[in-house]
1. For residue 63 and residue 36 in the same chain, what is the full-extension length gain: residue separation times 0.36 nm, less their Cα-Cα distance, in nm?
2. From the phi angles alone, apply the Karplus equation (6.51, -1.76, 1.60; θ = phi - 60°) to the stretch 35-48 and give each ³J(HN,Hα) in whole Hz, x where the residue is Gly or Pro.
3. For a quick check: with amide H placed at 1.01 Å from N, whose amide H comes under 5 Å from residue 44's, ignoring anything fewer than 5 positions away on the same chain?
4. Computing the accessible area with a 1.4 Å probe over protein heavy atoms, can you report the carbon and sulfur percentage for the stretch 20-61?
Amino acid sequence: MATPLRLLPSSSVAATRKQFSMKQKYTCPICRGTLAHGITALDHCHNTGHVRATLCGSCNVGEGKVKAAM
């Protein structure tokens, strides 16, 4: 099981993002686009902190807007 984001020290976030990106073959799991360096976000559950994936910036923003509209 992945380490919850809220338990990750800020110094480990970049390494975790890279680890997930490599595991995903630098592909966003939502749009299937290529993950650009520096324009990615760790998708995580805001209740548990569980990290699910690395998303491209556009999908991360879009996902946030959808959740806010619910």
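The values are calculated or read from the model by the stated rules, or taken from the named source; none is laboratory data. Please read these numbers as outputs of a predicted model, since none were measured by experiment. Each accessible area value is taken on the protein alone, full model and side chains, heavy atoms only, with ligands, DNA and RNA left out. Shrake-Rupley method; radii C 1.70, N 1.55, O 1.52, S 1.80 Å.
1. Stretched out fully, the residue 63 to residue 36 stretch lengthens by 7.9 nm.
2. Residue by residue, the stretch 35-48 yields 7, 7, 4, x, 10, 10, 9, 7, 6, 8, 6, 6, 7, 9 Hz.
3. HN-HN under 5 Å from residue 44: 52.
4. In the stretch 20-61, the share of accessible area belonging to carbon and sulfur is 58 percent.
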